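First up is the structure itself, then whatever we jot down about it.
Values quoted throughout were computed directly from the atomic coordinates according to the rules given, and no laboratory measurement underlies them. None of the values given here were measured: they were computed from a predicted structure. Note: ideal-geometry Cβ built from the backbone for every residue, glycine included; neighbour counts use all protein chains shown.
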Amino acid sequence: MDPAKIQALEDRLGHNFTDRKKLYQALTHSTFSNVEKKKQVGARDCPHQEAYAVLGDAILKTVFVWMLMDRGHTTKGDITKLKEDLENNLKLAEVGKRLRLLEDELFIHNVGSEEKLREGADTYYSDTVEALIGAIFIDSKFNFSMTRNSISKIFAQELANLERDVSNC
């Protein structure tokens, strides 16, 4: 993988990985991992992103609630609605596009043709964004503040839009 593209991704994430294996795992789809395991010659175990995506989803929920409370949102309904808007898969896909995960060929996969990749792009983007959040949390030695800082940078546009939408009410 191109080191300059990896560094540019880390800059966009607001996190420089101390263990790049965590970053590569977050970028690796299970299709690639499965093909690598089944090779007749040179089979290898390539951990994939699924566990990181589950963790990242939970971290995003927690950090978004924390950020919303810091912004003065105090009711369960208000926090839940705003959090759901921030974490929906289409929003996560937009973030993945902004991170240039597919465009910079950072997404490690074996999903097939370019057409198949485009068809599933929103899912690949959103799952990979969640996996990256999980990887950042683990790489930062489970530091919520550092992870929150990265999430603030990654979701800066969405958070700014949220503030605009709330101030227009």
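Please report the Cα spread of the range 1-147 along all three principal axes, rounded to whole Å, starting with the longest.
Reported extents, whole Å, longest axis first: 57, 33, 26.
Return the calculated 222 nm mean residue ellipticity for the chain, to the nearest 500 deg cm²/dmol, obtained by summing -39500 (n - 2.57) across DSSP H runs with n ≥ 4 and dividing by the residue count.
It lands at -21500 deg cm²/dmol.
Where in the range 74-111 does the label zone of Gln7 land, with the point 7 angstrom along Cα→C-beta and an amide N cut-off under 15 Å?
none
Name the long-range amide H neighbours of Thr28: under 5 Å, sequence gap of 5 or more, or other chain; modelled H, no Pro or chain starts.
Residues meeting the amide H criterion: Gln49, Ile108.
What is the angle, in °, between the Cα long axis of helix 76-87 and the longest principal axis of the Cα atoms in the chain? Nearest 10 is fine, range 0 to 90.
Taking Cα atoms only, the helix is inclined about 30 degrees.
Using only the alpha-carbon atoms of the range 69-139 as identical scatterers, what base-10 log of I(q)/I(0) does the Debye formula give at q = 0.15, 0.25, 0.26, 0.27 Å⁻¹?
Once normalised to I(0) and log-transformed, intensities are -0.60, -1.10, -1.14, -1.18.
List, in the order given, every pair from Lys61/Lys81; Lys97/Lys141; Lys61/Lys83 whose Cα-Cα distance in the structure shown is over 18 Å.
Values: Lys61/Lys81 12 Å; Lys97/Lys141 27 Å; Lys61/Lys83 7 Å.
Over 18 Å apart, Cα to Cα: Lys97/Lys141.
Length gain on complete extension for the stretch Arg100 to Leu117, per 0.36 nm per residue less the alpha carbon to alpha carbon distance?
4.7 nm
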